[in-house]
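Shown next, in structure tokens, is the structure this report addresses.
Coordinate-derived values only; no laboratory data. Small disclaimer: the values here were computed from a predicted structure and weren't measured. Positions of Cβ are backbone-derived with ideal geometry, glycine not excepted, and every protein chain shown enters the neighbour counts.
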């Protein structure tokens, strides 16, 4: 999913509780792995339910992770009778069942804008991974022609590498690339 200028992967996990069977145990393990690997955790609590042992377990777990991860606490269904009462957390967002999730998207965007000020790219598909692999391959193949002064073959591989990277970053124009090359390098005949 794209939020602002950021590509993110959202994982909807199972609840975290004592497992009654093997399949549920595997689902809970995957939930814990997803939390461990994530940068941002969105914890959604149903305000129409009473706080229970499972919620307390999740709150305890999130307290542990909130020291090194962004955690957004969301209370939903606030248009219904509010039965979910706790002093353990302050909710960042409260949504009713008819609200859009625009406020959640904005909260995610704000976190990513402030914490990810670099130009890092997260690869989220097999196509993007292949594009990076093809870029590396073309750069490696360009080295020998460059060393042997076969500039046409070198430029072909370099151009292919740039095209592959542009497929996952932003489109480029040949003129733009040439302007940067000639502006940065002293090229002779």
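Residues 69, 77, 87 in ascending order of nearby Cβ atoms (within 10 Å, fewest first): 87, 69, 77. Residues 100, 31, 155, arranged from fewest to most other Cβ atoms within 10 angstrom of their Cβ, appear as 100, 155, 31. Spatial offset of region 65-100 relative to region 46-62 amounts to 11 Å, using the alpha carbon center of each. Across region 49-109, the convex hull enclosing all Cα atoms gives 80 Å³ per residue.
Exposure proxy shown here: for 65, 73, the number of other Cβ atoms within 10 Å sets the order, fewest to most, as 65, 73. The orientation-averaged projected area of the convex hull spanned by the Cα atoms of region 2-115 comes to 7.7 nm². Stretch residue 110-residue 22 to full length: gain in nm at 0.36 nm per residue minus the Cα-Cα span? Additional length available on full extension: 27.8 nm.
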